[in-house]
1. What ranking do 26, 69 get, fewest neighbouring Cβ atoms within 10 angstrom at the top?
2. Between region 92-131 and region 31-77, what's the alpha-carbon centroid distance in Å?
3. Suppose a student asked you for the relative contact order of region 25-129, using Cα pairs under 8 Å spaced at least 6 residues apart; what percent would you report?
4. Shape verdict for region 25-129, please, from the Cα gyration tensor: rounded (a/c under 1.5), prolate (a/b greater than b/c) or oblate.
5. Considering only DSSP beta bridges where both residues belong to region 18-131, give the percentage that are antiparallel (nearest 5).
6. Using a Förster radius of 22 Å, what is the FRET efficiency between residue 127 and residue 66 based on their Cβ-Cβ separation? Nearest 0.05, please.
7. Which value in nm describes the separation of the simple spin-label points at residue 90 and residue 120, placed 7 Å from the Cα toward the beta carbon?
């Protein structure tokens with residue numbers, strides 16, 4: 001009986017790990033303009049524009065990551081405006097951090113500017129991209 005219980009617990013544990021791994025999104029750091037274009041082309045995408053030297057960006061990073069872990073069905077990307085100036089310019093990124101929402105390759109609604117809290121980000125994602 002004990003072996004059966006242990007086996008069942010192990011099976012449930014593995015199942016939970018698989019579900020968690022599949023459902024959680026990782027924040028992907030974009031390395032090129034081509035990669036960015038491919039990443040936003042399909043689906044619902046949330047993009048954080050920032051820079052390594054930006055204090056507000058460093059404060060916002062953990063919030064952005066936490067929200068990416070909590071929500072499924074979206075891609076989460078990070079773009080360094082110093083490394084990918086062409087992308088930042090194309091989307092008129094001025095103040096950072098700036099979060100822009102994309103649906104099937106097109107920007108949707110107004111971007112979020114500044115280090116917002118997790119609830120604000122989740123609410124904006126829901127209103128801009130739906131569930």
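Computed from the coordinates by the stated procedures, all read-outs in this text should not be read as laboratory data. This structure is a prediction, so every number in the text was calculated from the model and none was measured. Don't worry about glycine lacking a Cβ; one is built from the backbone with ideal geometry, like all the others, and counts go over all protein chains shown.
1. Values: 26 11, 69 15.
So the residues, fewest neighbours to most, are 26, 69.
2. 10
3. Working: 183 pairs, mean separation 39.2, N = 105.
Once divided by the residue count of region 25-129, the mean separation gives 37 percent.
4. Details: a/c = 1.41, a/b = 1.06, b/c = 1.34.
In terms of gyration-tensor shape, rounded.
5. Values: 11 of 20 bridges.
Antiparallel bridges make up about 55 percent of those DSSP assigns within region 18-131.
6. On the way: r = 19 Å, r/R0 = 0.86.
Efficiency computed from Cβ-Cβ geometry: 0.70.
7. The modelled label-to-label distance comes out at 2.8 nm.
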